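Please treat every number below as a calculation from the coordinates, not as lab data. As the structure is a computational prediction, the values presented were derived from the model and not from experiment. Cβ atoms come from the backbone with ideal geometry, glycine included; neighbour counts cover every protein chain shown.
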């Protein structure tokens, strides 16, 4: 073996070592990256409990859809499944709900409440708001968080229950 081949083999060995090191670092990053779709910087701004799909269920959050408005203090996100898409808006429960206990039930009446569902996380009210041309919207007020969920197409009672039973609080 002459001198040129030794240098070539040495360079090839160093290059392979760098490639292996890069693969190991990438693998470690994949294992330890934050699996939470809601970015930490968004979570830090929120002062209320967040309701979100549990991992490994039929529903997942679209990471591109997650946003938080500091002006309105509303978290907006989209949950998806193979069958449907749901637009979710979450915010701190308004103070008026504490000051005027009947205010929440009055809001539900204005939204044309038509059913209450008892789910694993609590009671969810289904409505047909005039503002949405009678489309469905689920409303819940739990853990000091007010949540509105609007489907891309109407869901059955069973589908709504499946969705809310797949949810968890942060």
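The table below gives the values:
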read-out	value
Theoretical FRET efficiency, 1/(1+(r/R0)^6), r = Cβ-Cβ of residue 74 and residue 20, R0 41 Å, to 0.05	0.30
Candidates 134, 122, 13, ranked by Gaussian network fluctuation over the chain, Cα under 10 Å, top entry	13
Cα→Cβ-extended label distance, 7 Å offset, between residue 102 and residue 143, nm	3.1
Projected label distance in nm at residue 114 and residue 156, using a 7 Å step from Cα toward the beta-carbon	1.6
Whole-number percent relative contact order across the chain, with pairs defined as alpha carbons under 8 Å at least 6 apart	20
Under 15 Å from the residue 82 label point (7 Å along Cα→beta-carbon), backbone N, the range 147-164	none
Shape of the range 41-113, Cα gyration tensor, a/c cut at 1.5	oblate
Tensor-based shape of the chain (alpha-carbon gyration tensor, a/c under 1.5 rounded, otherwise prolate or oblate)	prolate
Within the chain, helix-based [θ] at 222 nm, where runs of 4 or more DSSP H residues each add -39,500 (n - 2.57), nearest 500	-10500 deg cm²/dmol
Calculated FRET efficiency for the pair residue 58/residue 128, C-beta based, R₀ 22 Å, to 0.05	0.30
Nearest-ten-degree value, helix 3-32 long axis tilted from longest Cα axis of the chain	20
Rg(Cα) / (2.2 N^0.38 Å) computed for the range 126-170, rounded to two decimals	1.20
